[in-house]
Amino acid sequence: MKLNFRAVIAALALAAAAPAASAQPGTWKPARNVEIVVGVAPGGGIDRTARVVQKILQDQRLLEVTATVVNKPGGGGTIAQAYLNQRPGDAHVWEISATSLLTNHITGKSAIGHKDFTPLAMLSDEYIGFLVRADSPLSTGRDLLDLLRSDPGALPIGIATAAGNTNHIAAGLAAKAAGGDVRRLKVVVFGSGGESMTALLGGHVGLVVTPSANAIAHLQAGKMRVLAVASPARLEGALAIVPTWKEQRADVVVANWRPAIGPKGLSAAQVAFWEDALARVTSSDEWKSDVARSGSVSHYLNSRDLSAFFDAQYAQFRTVLTELGLAKQP
């Protein structure tokens, strides 16, 4: 009887453990409304990406609950990140972020960095272009590199919307690839990409460094020329005619990327759910069509690969921003 009693106890213990086993990675799913946070006002590029993701999640029934886009503009993304940081362990809220996640920490604008969040998935890249007016004496990227090597401060460079951002980093990497002094660059910061374009057309700056998609309308109208794009391979569509920096013997690859990050403390099961859902989003025809129209490139990475990507980008950005005199000392 004693042996049978022990067998019953063992069976009960196994039964009690069964619910715990069902809570292993891959079994979690949202139980209430999902908040997709963005650090910009409605209408901005990141906001637009968030609304496309929201639509696909719901149209394809990848969620059994509702999802809403929550705008937390201000502080170069720091307000959105502070909001996310207040929700540890809550996988019902996550952010579509940007390169400011790294650059704000490097420059000291924010004490919160990428290691304070849970990486979920990379979604897309928006590669940086180098634009001049159609009548500029600079005809190719090699012409620009020659100028940046001989006299880096000779050409006023327009960027938006903050010193130390990805556009600034791209300009610094081009100057570095040319062998020029990056601290001598003459950079003018504008409040928006549209303002920088207007300044270029008006002759107030000689070069604009901006996401390459911003150039499409001006390129097609014959008002601007794109000297190079900082992508690993040529882009598609209207920008297919533009050579990469690598084609012009300069190792410059820089993008405004769009990752999804969650609060710290998410479980493996929560991460696995969002990895799968966002992989399905980025493999959908609707996503591919939207990315092509916007001039971006789909670039899915899972959580582990995104974490490694963040670390590598952080190291590269810190090196360039230190050379530009913009990095805060660790």
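The values are calculated or read from the model by the stated rules, or taken from the named source; none is laboratory data. These numbers were taken from a predicted model, which means no experiment stands behind them. Here the Cβ positions follow ideal geometry from the backbone for every residue, glycine too, while neighbour counts run over all protein chains shown. Each accessible area value is taken on the protein alone, full model and side chains, heavy atoms only, with ligands, DNA and RNA left out. Shrake-Rupley method; radii C 1.70, N 1.55, O 1.52, S 1.80 Å.
The relative contact order of the chain, computed from alpha carbon pairs under 8 Å that lie at least 6 residues apart in sequence, is 26 percent.
Taking all Cα pairs closer than 8 Å and separated by 6 or more residues, the relative contact order of the range 188-330 comes to 15 percent. Scanning the chain for GluC sites (Glu not before Pro) lying in DSSP loops with no more than 16 further Cβ atoms inside 10 Å, the longest uninterrupted stretch between such sites is 65-235.
Rounded to the nearest angstrom and listed largest first, the equivalent-ellipsoid semi-axes of the range 122-179 from its Cα gyration tensor are 21, 14, 12. Restricting the trypsin sites (Lys or Arg not before Pro) of the range 219-309 to loop positions (DSSP other than H, G, I, E, B) with no more than 10 neighbouring Cβ atoms within 10 Å leaves Arg249. Restricting the calculation to Cα atoms, every distinct pair contributes to the Kirkwood radius of the range 100-237, found to be 15.7 Å. Here the extension length gained between Ala154 and Glu286 equals 43.1 nm, from 0.36 nm per residue of separation less the Cα-Cα distance. Shape class for the range 69-173: prolate, because the ratio a/c of the largest to smallest gyration tensor axis (alpha-carbon atoms, square roots of eigenvalues) is 1.5 or more and a/b beats b/c. Per residue, the range 132-238 exposes an accessible area of 40 Å² to a 1.4 Å probe, with every protein chain left in place. Rounded to whole Å, the principal axis extents of the Cα atoms in the chain read 97, 43, 34, largest first.
In this Cβ point-charge picture (+1 for Lys and Arg, -1 for Asp and Glu), the range 167-228 has a dipole of about 160 debye about its Cα centre.
Apply the a/c threshold of 1.5 to the C-alpha gyration tensor of the range 20-98 and tell me whether it is rounded, prolate or oblate. Cα axes put the range 20-98 in the oblate bin.
Relative contact order of the range 118-249, taken over Cα pairs closer than 8 Å and 6 or more residues apart, is 35 percent. Within the range 249-263, find all residues whose amide N lies under 15 Å from a label point positioned 7 Å from the Cα of Gln316 along Cα-to-beta-carbon. Once the point is set 7 Å along Cα→Cβ of Gln316, 250-259 turn out to lie under 15 Å by backbone N, inside the range 249-263. Taking a span of 24 Å or more along the helix axis (Cα atoms) and a mean Kyte-Doolittle hydropathy of at least -1.0 as the rule, the DSSP H helices of the chain that qualify are 2-22, 303-323.
Paramagnetic label reach from Gln329 (point 7 Å along Cα→Cβ; backbone nitrogen cut-off under 17 Å): within the range 101-118, residues 106-109.
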